[in-house]
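Inspection log for the structure reproduced underneath, given as structure tokens.
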Amino acid sequence: MRRKPALTAADRVFDRPRRAFTVEEANRALVLVRRIVQDVVRVYAELMDLRARREELASTAGAGDQLERMRAAIDVRIDHVNRLQDELTEIGCAPKDFETGLVDFPAVHDGRAVMLCWRLGEECVTHWHEVDAGFSGRRPIEPGFGA
């Protein structure tokens with residue numbers, strides 16, 4: 001049996017039936033994406049706080065019931081974050097950082113797969129990066145991008 005060739009990073013971006021966004025489409029999607037990302041950041045912060053408190057409590061004698069309640073609360077937050085992540089994926093974007101609210105939108109620029117990059121607090125999508133570059137490789141979107 002012949003082995004399937006390994007996927008490149010660009011292939012992995014589009015390995016599911018996701019669309020490529022234009023800058024305008026990504027900005028229109030922000031109406032919904034922004035609300036979801038606000039929820040992700042809030043629920044993720046709650047989750048991290050609960051985990052830290054659970055770690056502190058774990059060494060306390062007789063805290064079994066309280067630890068069990070915390071585990072249940074943590075599970076609820078994990079499920080909530082997963083559902084929110086699924087909503088973002090369904091829209092076609094890729095959540096990258098739950099603390100800062102970083103989201104990438106698959107796009108095409110000069111015939112290659114790239115990512116439009118947006119972070120909670122930014123008014124609109126104004127940056128992009130190569131698929132493998134991530135946030136540190138962000139570049140401003142110039143006029144005619146993706147044309």
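Derivation of every value follows stated rules applied to the coordinates shown; laboratory data play no part. What you see is a predicted model; the values in this text were computed from it and never measured. Don't worry about glycine lacking a Cβ; one is built from the backbone with ideal geometry, like all the others, and counts go over all protein chains shown.
Numbers below:
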| item | result |
| --- | --- |
| The chain: relative contact order in percent, alpha carbon pairs under 8 Å with at least 6 residues between | 25 |
| Residues 89, 60, sorted so that the one with the fewest Cβ neighbours within 10 Å comes first | 60, 89 |
| Net charge contributed by nearby residues that have their C-beta within less than 14 Å of residue 70 (K/R +1, D/E -1) | -1 |
| Positive minus negative residues near residue 84 (Lys, Arg vs Asp, Glu; Cβ under 13 Å) | -1 |
| Cβ-based charge dipole, the chain, positive-most Cα from 88, 33, 60 | 88 |
| Cα-projected label distance for residue 46 with residue 124, points at 7 Å along beta-carbon direction, nm | 3.3 |
| Per-pair calculated FRET efficiency, R0 = 25 Å: residue 73 and residue 38 via Cβ, rounded to 0.05 | 0.75 |
| Correct option for Kirkwood radius over Cα pairs in Å [calculated from the coordinates] among (i) 15.3; (ii) 17.2; (iii) 18.6 | (ii) |
| On Cα atoms only, tilt of 64-91 relative to the major axis of the chain in degrees | 10 |
| Principal-axis tilt of helix 23-58 within the chain, Cα atoms, nearest 10 degrees | 30 |
